[in-house]
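Encoded as structure tokens, the structure appears first; notes follow it.
The values are calculated or read from the model by the stated rules, or taken from the named source; none is laboratory data. Every value quoted in this text rests on a predicted model; they were computed, and no experiment measured them. FYI the Cβ positions are ideal-geometry reconstructions off the backbone, even for glycines, and counts take in every protein chain you see.
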Protein chains: 2
Amino acid sequence: MKVLIIEDDPLHRSYLSEAIRAALPECDGVLEAENGGAGERLARDCKSAHIVMDLQMSVRNGIEAARTIWKERPETRILFWSNYSDEAYVRGVSRIVPVGAVYGYVLKSASDDRLKLALRSIFIESQCVIDREVRGMQQRSLGTINGFTEAEYEILVDIALGLTDRAIAHRRNLSVRSVQNRLQQLYIKLGVYQPLGGQSDEGRFNLRARAIAVALLRKLLNHSALERAEADLSAWLARQPHN
Amino acid sequence: MKVLIIEDDPLHRSYLSEAIRAALPECDGVLEAENGGAGERLARDCKSAHIVMDLQMSVRNGIEAARTIWKERPETRILFWSNYSDEAYVRGVSRIVPVGAVYGYVLKSASDDRLKLALRSIFIESQCVIDREVRGMQQRSLGTINGFTEAEYEILVDIALGLTDRAIAHRRNLSVRSVQNRLQQLYIKLGVYQPLGGQSDEGRFNLRARAIAVALLRKLLNHSALERAEADLSAWLARQPHN
DNA sequence: ATCTTTTCTGCGGGATCCCGCAAGGTCCCG
DNA sequence: CGGGACCTTGCGGGATCCCGCAGAAAAGAT
């Protein structure tokens with residue numbers, strides 16, 4: 001059994017490597033990659049089915065790497081080991097998990113023991129392990145309260161990319177008015193809505209831009225989510241008959 | 001001589017601590033804080049004039065901590081030790097450095113030796129040390145080419161917060177038209193400008209939102225810059241006669 | 001099958017944004 | 001002092017955004 005580490009911080013890499021050796025005596029080889037791209041290649045070559053990776057790497061971010069790895073071999077087991085539990089990350093991960101796949105998400109702030117336990121659970125006992133904090137986020141994000149629909153999240157990303165209503169309508173096959181409805185919905189859920197009539201005069205916000213701001217502050221969006229979205233967008237644009 | 005470490009990752013903290021002991025035999029005490037707030041308090045109490053800190057900490061970010069520390073004792077020497085060289089960070093730091101202060105900015109990806117050298121240079125020889133990569137950013141950011149004026153940067157932040165033209169005009173004591181001029185300027189420099197007339201039809205962007213998107217993608221803005229700006233904004237709002 | 005709830009859609013209008021045009025300002029240089 | 005570079009401001013208008021209103025379509029529920 002071999003384990004592949006994908007993590008760009010050398011310190012964390014060596015810490016991980018040691019933790020793996022300690023927690024998994026049956027492991028007879030640890031490979032290391034220092035960015036997503038190299039990780040994908042290594043995973044393809046060495047056919048390792050056991051991966052521990054960081055999200056947010058500078059060169060190619062973890063979610064993209066995981067997506068392509070899982071696309072090639074869905075039975076691969078991946079433990080995400082990240083600093084943050086941003087909603088953007090959690091959402092990004094759960095969006096790409098193949099059905100029935102075994103995976104884990106533990107924070108770097110977790111204790112030594114928790115990490116080792118997670119390693120054994122995922123790689124040996126085939127059991128998913130999600131950090132409580134992350135799990136909490138997931139619940140909150142999917143629950144009725146403060147929960148964002150897939151549609152709402154999608155349109156949030158679209159305006160964050162800077163698309164106009166019309167462009168969004170075109171991309172999502174909707175009428176312009178429907179796009180605006182969803183936007184309204186989004187504004188309400190983000191607590192940015194302006195009840196009309198009341199001339200709260202100063203401190204007036206541009207709803208569209210304000211929505212993006214609070215989404216960023218709440219970590220509903222983050223840099224890597226934006227990067228992914230931008231890549232998707234330009235792929236879509238290329239596919240369009242550019243008149 | 002005592003050195004204070006402000007860094008939220010325990011691994012990096014212990015690595016730093018060891019590096020300090022190795023590089024600075026004259027150091028007779030290393031203190032540690034795991035977030036900006038605790039760091040400020042410790043700095044105040046122990047009167048340490050030598051600090052190494054991370055930017056991007058979860059609780060209270062490094063730039064804010066540095067600002068208050070330098071406000072209280074401008075002669076404090078601070079070495080920023082960060083993962084990234086985002087323009088937002090570099091700009092944020094150089095904005096708060098007191099005149100004549102001794103400080104440093106080295107990336108975590110730097111070698112062992114470079115870190116130790118930087119420690120000696122700053123704390124013993126009173127000489128500033130800026131990582132070449134960071135320095136490069138600074139040059140590019142201040143040079144004529146691709147350089148953003150303070151005014152432009154300011155208005156970028158304002159729209160990223162979601163303010164309307166009118167609100168910005170009020171806040172910055174300008175006419176609405178001037179705000180729009182600066183915006184136009186910004187759009188051009190961000191390469192988002194729409195030459196008019198040409199109905200590039202699809203792929204049409206909302207300039208305001210698009211500008212924010214590319215600023216984020218280029219790391220001209222990032223989460224912590226936004227957080228600081230948001231704090232400033234609400235302080236300003238509170239100071240306003242709310243009609 | 002009928003009723004309810006939700007979503008989609010067009011219309012209309014007020015507010016905002018984006019920007020060309022042109023009339024002052026300020027500051028510096030020769 | 002005149003000229004040039006730059007910033008600011010007002011005006012005007014077309015495009016976009018935000019959203020109430022109400023009918024049509026779709027998805028569930030009883």
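Tabulated values for the structure
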item	result
Per-region count, the range A:86-119, residues surrounded by fewer than 15 Cβ atoms within 10 Å (Cβ to Cβ) and not in a loop (DSSP other than H, G, I, E, B)	3
Which numbered condition B:Ala215 fails, given (1) more than 9 Å from chain A (Cβ to nearest Cβ); (2) hydrophobic (A, V, I, L, M, F, W, C); (3) free of Cβ contacts under 8 Å to residues at least 12 places away in the same chain	(3)
Sole residue being under 23 Å from B:Gln240 (Cβ atoms), out of contact with any Cys (no Cβ under 6 Å at 6 or more places or on another chain) and either within 11 Å of DNA strand C (Cβ to nearest atom) or modelled with pLDDT under 95 (or both), chosen from A:Arg204, A:Arg172, A:Arg140	A:Arg204
Residues within the range B:152-186 that are farther than 22 Å from B:Arg239 by Cβ and among the β-branched types (Val, Ile, Thr), tallied	0
Single residue of the range A:186-200 satisfying the filter (within 11 Å of DNA strand D (Cβ to nearest atom) and over 19 Å from A:Asp158 (Cα atoms)) that is modelled with the lowest pLDDT	A:Gly197
Matching residues, the range A:120-143, being more than 25 Å from A:Pro74 (Cβ to Cβ) and in a helix (DSSP H, G or I)	A:Arg132, A:Glu133, A:Gly136, A:Gln139, A:Arg140
Which numbered condition B:Glu26 misses (of (1) farther than 26 Å from B:Ser94 by Cβ; (2) crowded, with 18+ Cβ neighbours inside 10 Å; (3) not aromatic (Phe, Trp, Tyr))	(2)
Where A:Cys46 falls short, out of the listed (1) in contact with a helix residue (DSSP H, G or I) (Cβ under 7 Å, 6 or more places away or on another chain); (2) of a type outside the set (A, V, I, L, M); (3) closer than 19 Å to A:Val30 by Cα	(1)
Residue within the range B:66-80 that is more than 30 Å from B:Glu230 (Cβ to Cβ), modelled with pLDDT under 95 and away from chain A (no Cβ under 14 Å) present	yes
Enumeration of residues in the range A:144-182 that are of a type in the set (Val, Ile, Thr), within 11 Å of DNA strand D (Cβ to nearest atom) and part of a loop (DSSP other than H, G, I, E, B)	A:Thr164
